[in-house]
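These notes concern the structure reproduced below.
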């Protein structure tokens, strides 16, 4: 079951002389988790979001590193949602931050309706760096599997060029979906960045990187969460 918390839940830590500040912060962030559907039904997630239809938005699908697979959930969404389109890049195999950011900025600028960003993995960093100057057109962000851009691994040199993530609250409502066993970033890391962005954190359980390799071609839970999120968006004033 997908679960959601307003702020990232953390376990208590021993308040030693070296970690008292961390322990106080962890205790302050503890919260009960509830199902996402229940949170939205009670208006707990974002009570001011009401009334927008998917057809009233331009949904920009922003993939991460690697050739987009035809069965990836983002490609499936592009085929099912009439106003959704994938932001194409010159190279998904050899990501270039400046080129990716420019392509996303252009896609936002070209949009004729309020924009909803749907970014996966490395596409999240690119999307957030593309906000300068056109964030006023964006009404929502749906971020899935934010990688730890400082994590050691085979893609470290590529990932670190997309960092650091912006650490200020976003000027639009957003949801961050994270897994408990993502090889590209811990759930704790996802909680840290979602807290910084003011994003609603969704616990996807043990779902890997939420991609083809983890079995997420069809992603019914993600579809439900996204549909609920869209139904509560409204145009920005």
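Tabulated results
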| item | result |
| --- | --- |
| Among (1) within 29 Å of residue 180 (Cβ to Cβ); (2) touching a helix residue (DSSP H, G or I) at 6+ places or on another chain (Cβ under 7 Å) - the single one residue 77 does not satisfy | (2) |
| All positions within the stretch 211-237 that are surrounded by 13 or more Cβ atoms within 10 Å (Cβ to Cβ) and part of a helix (DSSP H, G or I) | 212, 214, 221, 222, 223, 224, 225, 226, 228, 229, 230, 231 |
| Filtered residue count, the stretch 102-122, keeping only those that are within 16 Å of the chain's Cα centre (by Cα) and outside any strand (DSSP E or B) | 3 |
| Residue match in the stretch 143-154 (condition: in a strand (DSSP E or B) and either at pLDDT 95 or above or out of contact with any helix residue (DSSP H, G or I) (no Cβ under 6 Å at 6 or more places or on another chain) (or both)) | yes |
| Single residue of the stretch 155-164 satisfying the filter (touching a residue at least 24 places away in the same chain (Cβ under 8 Å) and either within 12 Å of residue 121 (Cα to Cα) or out of contact with any helix residue (DSSP H, G or I) (no Cβ under 8 Å at 6 or more places or on another chain) (or both)) that is surrounded by the fewest Cβ atoms within 10 Å (Cβ to Cβ) | 155 |
| Residue satisfying all of: in the stretch 121-136; touching a helix residue (DSSP H, G or I) at 6+ places or on another chain (Cβ under 6 Å) and at pLDDT 95 or above; nearest to residue 77 (Cα to Cα) among these | 127 |
| Residues satisfying the stated conditions in the stretch 175-186, i.e. without any contact (Cβ under 8 Å) to a residue 40 or more places away in the chain and either buried (at least 19 other Cβ atoms within 10 Å of the Cβ) or closer than 27 Å to residue 133 by Cα (or both) | 176, 178, 179, 182 |
| Filtered residue count, the stretch 57-88, keeping only those that are touching a strand residue (DSSP E or B) at 6+ places or on another chain (Cβ under 9 Å), assigned to a loop (DSSP other than H, G, I, E, B) and within 22 Å of residue 162 (Cβ to Cβ) | 5 |
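Per-residue answers, yes or no, for (1) assigned to a helix (DSSP H, G or I); (2) in contact with a strand residue (DSSP E or B) (Cβ under 7 Å, 6 or more places away or on another chain); (3) surrounded by 19 or more Cβ atoms within 10 Å (Cβ to Cβ); (4) in contact (Cβ under 8 Å) with a residue 24 or more places away in the chain:
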{"residue": "124", "(1), (2), (3), (4)": "yes, yes, yes, yes"}
{"residue": "128", "(1), (2), (3), (4)": "yes, no, yes, yes"}
{"residue": "136", "(1), (2), (3), (4)": "yes, no, no, yes"}
{"residue": "140", "(1), (2), (3), (4)": "no, yes, yes, yes"}
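The values are calculated or read from the model by the stated rules, or taken from the named source; none is laboratory data. These figures come from a predicted structure and were not determined experimentally. A quick note on method: Cβ atoms are made from the backbone with ideal geometry, for glycine too, and the neighbour counts reach across all protein chains shown.
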